[in-house]
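Below: one structure, written as structure tokens.
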Amino acid sequence: MLSLESYGRRVQLAVHEFGAGEQTAILIHGIMSDHRAWDRVTAELVDRGFRVLAVDLAGHGRSPRARRYSPRAWADDVVETVEPLLRKPPALVMGHSLGGLVASLAADRLAPRAAIYVDPAFAFPRGVRGLAFKLAFALAPRPRRSALVRWNPRWSPADVENELAAVREWDKRTILGFADTRPVVPPLRLAAPSLVVLAERSLLITDAAASSLRRLGMTVETLAGAGHSVFRDDLQGFMHVVEGWLARHGVASVR
């Protein structure tokens with residue numbers, strides 16, 4: 001782990017390294033979760049010849065809490081933490097949900113060869129609806145195993161256990177990071193060829209928003225039958241989309 005200055009005090013982000021390939025993939029998890037959300041994706045990428053750096057954002061996993069949170073500060077943390085670990089610009093930056101937003105904010109500085117945003121939080125409810133959403137996150141009890149299984153019937157048992165462990169370590173105040181209401185929007189320009197992989201019924205990206213992303217030059221794919229945690233619901237379908245797209249953009253797997 002590396003030290004960095006953020007939120008007005010010293011913070012150490014946890015970065016978990018897997019594999020030793022020449023191409024580096026940086027993985028950024030969603031809110032409530034941590035690097036373990038990517039376990040099965042990490043194994044697939046390592047098998048394909050990637051070195052994987054999976055971060056725990058501040059307030060999640062093994063990274064410490066902060067006095068306050070915001071998407072921009074999370075992105076700053078990621079950049080300042082992983083840059084010293086890179087031998088060259090990463091082949092891939094991938095983020096899910098909140099991590100998709102963070103990845104989009106970090107991509108300009110990390111200069112990856114490709115970026116993948118999985119059901120990303122490129123929009124956030126505002127006004128009364130947004131306040132209700134934040135309060136629901138902040139006040140709801142941490143989910144039990146039975147609830148996770150009921151809500152996510154396609155998850156593997158390992159995914160359920162990983163999420164339970166991550167939720168126990170999650171700082172609920174992270175939801176207040178969205179109190180910084182400077183527009184939560186997709187990138188205004190492409191830092192790299194970009195793929196957006198959506199749940200069948202995305203709660204974050206409307207059809208109109210998906211059309212806007214396509215006009216920006218992003219490839220937008222929807223994985224039939226998958227919920228918000230797309231890669232946990234259908235790992236092989238997700239990897240099929242990702243691998244084909246990466247190959248078309250010159251980031252080929254090395255088995």
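Okay, here's what the table says:
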{"item": "Lone qualifier among A166, A192 - being among the hydrophobic types (A, V, I, L, M, F, W, C), closer than 18 Å to V102 by Cβ, in a helix (DSSP H, G or I) and modelled with pLDDT of 90 or more", "result": "A166"}
{"item": "Among (1) more than 24 Å from H228 (Cα to Cα); (2) in contact with an Asp or Glu (Cβ under 9 Å, 6 or more places away or on another chain) - the single one V55 does not satisfy", "result": "(1)"}
{"item": "Qualifying positions in segment 78-102 - over 22 Å from L203 (Cα atoms), outside any loop (DSSP other than H, G, I, E, B) and touching a strand residue (DSSP E or B) at 6+ places or on another chain (Cβ under 9 Å)", "result": "V78, E80, T81, V82, P84, L85, L92, V93"}
{"item": "Single residue of A37, A107, A75 found to be assigned to a helix (DSSP H, G or I), among the hydrophobic types (A, V, I, L, M, F, W, C), free of Cβ contacts under 8 Å to residues at least 40 places away in the same chain and buried (at least 23 other Cβ atoms within 10 Å of the Cβ)", "result": "A75"}
{"item": "In segment 208-239, the residues that are part of a helix (DSSP H, G or I), within 27 Å of M32 (Cα to Cα) and out of contact with any helix residue (DSSP H, G or I) (no Cβ under 7 Å at 6 or more places or on another chain)", "result": "A209, A210, L213, D233, Q236, G237"}
{"item": "Filtered residue count, segment 205-226, keeping only those that are buried (at least 20 other Cβ atoms within 10 Å of the Cβ) and farther than 25 Å from R48 by Cα", "result": "2"}
{"item": "In segment 40-62, the residues that are outside any strand (DSSP E or B) and either surrounded by fewer than 24 Cβ atoms within 10 Å (Cβ to Cβ) or on the phi > 0 side of the Ramachandran plot (or both)", "result": "R40, V41, T42, A43, E44, V46, D47, R48, G49, G59, G61, R62"}
{"item": "So A208, is it modelled with pLDDT under 95 and farther than 11 Å from V118 by Cα", "result": "yes"}
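The values are calculated or read from the model by the stated rules, or taken from the named source; none is laboratory data. Model, not experiment: these values are computed from the prediction. Neighbour counts run over all protein chains shown; Cβ positions are idealised from the backbone, glycine included.
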